[in-house]
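Encoded as structure tokens, the structure appears first; notes follow it.
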Amino acid sequence: MLRLITASLCLRCQRVPALPLHLRPCATLSSAENQQTVEALYDLSVDIQKVRKLKGWVLHQTPAYTKEVADLLRDMGASGSIVARILTVHPESVLCHPEQVQAQRELWMSVCPSEKQLVDIIEKFPASFFTSSSYHDNQRDNITYFQSLNLNKRMVTKLMASAPQSFSRPVEQNQLMVQTLQQAYRELGGEEANMKIWLQKLLSQNPFVLLKPPEALRQNLLFLRDRGFSTAELLRLLSKLRGFVTELNPDSMRRTLAYSQETMGCSEDGLRDIILSCPALLYYPEEILSDRFQGLLRAGISMSQITETPSVLELTTQIVNYRIQRLKVHGYDVRTGSLQVLNGTKKDFEVSCGKLQIRRERPLFNPVAPLRGED
């Protein structure tokens with residue numbers, strides 16, 4: 001990393017590889033560590049070895065504002081341990097000028113309900129908070145825009161935290177993508193009264209959809225329409241996929257659909273029904289699907305069972321094998337029963353196992369057995 005940074009370059013607060021952030025034009029890189037920074041971090045119980053290993057270049061920068069940044073975090077209600085965790089995970093924060101951090105604090109508090117919640121966000125998404133002041137106007141404009149869409153402050157805060165790149169870019173780019181999504185929703189027969197809820201769910205599930213080119217959405221919808229999906233089915237897919245349709249492309253979907261149809265031996269109509277039941281199938285490349293099909297077949301599960309419950313293909317082979325073994329302990333044989341019991345989150349699966357255990361331990365009542373009377 002050090003070889004990539006020279007004294008002539010502006011210091012970069014690296015939030016994500018695709019979006020380097022210039023923190024200060026006057027930052028300089030020294031061959032020796034900044035001892036004031038190191039000592040200040042030690043005093044704050046920051047894991048210096050971890051910082052050296054992952055982002056050692058930060059320790060060579062001057063000036064740094066370790067104490068000022070820590071004081072500002074404490075002023076927002078962060079405990080000493082939380083401050084230490086934030087600075088360990090994101091040491092670049094000490095290179096941000098205090099005035100810049102204060103400006104971010106005021107900006108985030110315009111949508112965040114309390115400073116306690118803001119501290120929670122900073123702890124989870126420090127790179128989203130410690131950003132360049134050069135993006136401040138874009139952030140403010142985007143906050144105003146998303147609020148104009150009737151998205152509540154909690155939703156706007158979530159977008160800022162999970163997809164900060166979308167708030168750092170010009171508001172016009174987000175407007176274009178949102179308008180494309182809204183247009184697709186209307187053209188597919190979506191009800192205007194449900195637009196707000198639909199858009200909020202879509203952005204909540206996949207905030208990075210804002211960063212995709214609008215044309216990708218159009219191309220994917222046209223491809224699926226050509227494959228026989230009706231307008232109503234396309235709206236259903238778009239709603240289920242929560243915007244992930246922009247992650248796909250016609251070539252990858254074409255290969256996945258061809259492989260799935262050949263492997264399951266189903267018709268075009270049957271394949272569409274399977275995709276509508278399990279839209280996630282569109283994402284997986286052939287090699288992943290092959291591994292999962294083979295894993296299920298090796299476990300004694302038939303292809304007809306898979307086509308009846310295609311959502312089982314969303315689980316990795318390792319998870320499926322583990323769950324099959326757990327079910328065996330409770331006397332459930334997936335080869336003769338429904339695969340639905342395999343689905344769901346870890347918590348859902350444990351609940352299902354619990355029900356099987358209760359059923360197994362409960363004594364059976366024989367309605368024709370004579371009642372035992374008192375002697």
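Of all the options N249, N194, N206, the one that moves most in a Gaussian network model of the chain with Cα springs shorter than 10 angstrom is N194.
Arrange the peptides 224-231, 136-143 so that the one whose residues have, on average, the most other Cβ atoms within 10 Å appears first.
On the way: 224-231: 14.1, 136-143: 17.6.
Listed from highest to lowest mean packing, they are 136-143, 224-231.
In straight-distance terms, cross-link reach from K346 covers every one of the aspartates and glutamates whose alpha-carbon lies under 18 Å from its own, apart from those fewer than eight places away in the same chain; here that gives E314. Restriction of the trypsin sites (Lys or Arg not before Pro) in the range 235-322 to DSSP coil positions whose beta-carbon has at most 11 other beta-carbons within 10 angstrom yields no sites.
Report, in debye and to the nearest 20, how large the dipole of the range 183-247 comes out about its Cα centre when Lys and Arg carry +1 and Asp and Glu carry -1 on their Cβ.
Working: 10 positive and 7 negative charges, 32 e Å.
Computed charge dipole of the range 183-247: roughly 160 debye.
This model, with +1 at the C-beta of Lys and Arg and -1 at the C-beta of Asp and Glu, gives the range 280-354 a dipole about its Cα centre of some 300 debye. In this Cβ point-charge picture (+1 for Lys and Arg, -1 for Asp and Glu), the range 221-308 has a dipole of about 240 debye about its Cα centre.
Farthest toward the dipole's positive end in the chain, which of Y135, I274, L159, given Cβ charges of +1 (Lys, Arg) and -1 (Asp, Glu) about the Cα centre? About the Cα centre, the residue reaching furthest to the positive side is I274.
Between S204 and A32, the modelled label-to-label distance comes to 5.5 nm, taking each label 7 Å out from Cα in the direction of the beta carbon.
Against the chain, whose longest principal axis comes from its Cα atoms, helix 66-75 is set at around 60 degrees. Largest GNM mean-square fluctuation across E92, E68, E191, computed for the chain with C-alpha springs under 10 Å, falls on E191.
Ignoring everything except DSSP H segments at least 4 long, calculate the 222 nm mean residue ellipticity for the chain; use -39,500 (n - 2.57) per segment, divide by total residues, nearest 500. Could the numbers behind the result be given before it?
Numbers: 20 runs with 216 residues, N = 375.
One gets -17500 deg cm²/dmol as the mean residue ellipticity at 222 nm.
Excluding same-chain neighbours fewer than eight residues apart, the lysines reachable from K116 by a Cα-Cα span under 24 Å are K67, K124, K153, K158. Taking the square roots of 5 times each eigenvalue of the Cα gyration tensor of the chain, largest first, gives ellipsoid semi-axes of 48, 30, 22 Å. For the chain, the longest principal axis of the alpha carbon atoms and the long axis of helix 153-162 meet at an angle near 80°. On a 0 to 90° scale, report how tilted helix 250-264 is relative to the longest principal axis of the chain, with both axes built from alpha carbons and the result rounded to the nearest 10. It works out to around 30 degrees. Counting 0.36 nm for each residue step from Q49 to R255 and taking away their Cα separation leaves a gain of 69.5 nm.
Taken together, the values in this text are just the output of simple stated rules run on the coordinates, not laboratory data. Keep in mind that what you see is a predicted model, and the values were worked out from it rather than measured. All Cβ positions, glycine included, derive from the backbone under ideal geometry; neighbour counts span all protein chains shown.
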